[in-house]
1. All but one of (1) in contact with a strand residue (DSSP E or B) (Cβ under 6 Å, 6 or more places away or on another chain); (2) outside the structural domain of residue 80 (by TED's automatic domain parsing); (3) not in a strand (DSSP E or B) hold for residue 183; state the number of the condition that does not hold.
2. Among (1) surrounded by 14 or more Cβ atoms within 10 Å (Cβ to Cβ); (2) under 20 Å from residue 143 (Cβ atoms), which single condition is residue 188 missing?
3. Anything in region 86-134 that is part of a strand (DSSP E or B) and more than 12 Å from the chain's Cα centre (by Cα)? List them, or say none.
4. Being assigned to a loop (DSSP other than H, G, I, E, B) and buried (at least 19 other Cβ atoms within 10 Å of the Cβ) is the filter here, so list the residues in region 39-48 that pass it.
5. Go through (1) under 28 Å from residue 42 (Cβ atoms); (2) touching a helix residue (DSSP H, G or I) at 6+ places or on another chain (Cβ under 9 Å) and name the single condition residue 93 misses.
6. It is to be established whether one or more residues within region 49-61 are more than 22 Å from residue 112 (Cα to Cα) and part of a loop (DSSP other than H, G, I, E, B).
7. So the check is Cβ under 8 Å with 6+ separation or different chains; which pairs have a first residue in region 95-123 that's over 23 Å from residue 66 (Cβ atoms) and a second one that's outside any loop (DSSP other than H, G, I, E, B) and polar (S, T, N, Q)?
8. Among the listed residues 149, 121, identify the single one that is of a type outside the set (Gly, Ala, Ser) and under 15 Å from residue 74 (Cβ atoms).
Amino acid sequence: MNQPASAYTAHETAVIDEGCTIGEGTKIWHFSHIMSDCVIGKRCNIGQNVVISPGVVLGENVKIQNNVSVYTGVVCEDDVFLGPSMVFTNVLNPRSAINRRGEYQKTLVQKGASIGANATVVCGHTIGAYALIGAGAVVTKDVPPYALVYGNPSKQHGWVSEAGHKLAFDGMNEAICPETGEKYKIENNQVTKSSIQID
């Protein structure tokens, strides 16, 4: 370890390999395996039976639910949510008899994105900031920021706010999050959040 174990909490059944950096306030639950050279930010919550492969990078406040596999090549930015039993891949054409460790593809999950239970993210793609991936989705291409996608293969079915609510854009191409009152605008099929908040 590169920091004292007291900086984070790990269940006695968790396995944490040498060379990891784990941020203060992070919790690692039963039977999880944190492999070598991972970088895990502050205040993360890593559920039961999670595997985090060598070299994975997690930002701050990343929440990983039970039975998730995060393979080498994955980077999750701050505030990412990974639902139960979702999985990443890191090779496009795996074969048992062929070692393709030098061909791992990169996958980036940007700030605030959520990936639902049992979803699969095929490697080599970017999940945009605050995107919401539905349960069971199979993601085979890049997902724009704020996009709502689901299905197999996944398709976009609208846009969501940073709080995760579906946005209804009006004739002025504006929408308001019903929970936060934050205002969003869509132009050229891209969503941005306004600095104006509706009370």
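1. (3)
2. (1)
3. Scanning region 86-134 gives 95, 98.
4. If we filter region 39-48 for residues that are assigned to a loop (DSSP other than H, G, I, E, B), which is where we start, we get 41-44, 47-48.
Scanning region 39-48 gives 41, 44, 47.
5. Among (1) under 28 Å from residue 42 (Cβ atoms); (2) touching a helix residue (DSSP H, G or I) at 6+ places or on another chain (Cβ under 9 Å), the lone unmet condition for residue 93 is (1).
6. yes
7. 108/126; 110/126
8. Unique residue meeting the criteria: 121.
The values are calculated or read from the model by the stated rules, or taken from the named source; none is laboratory data. If you're wondering where the values come from, they're calculated on a predicted model, not measured in any experiment. Glycine also receives a Cβ, built like all others from the backbone with ideal geometry; neighbour counts cover every protein chain displayed.
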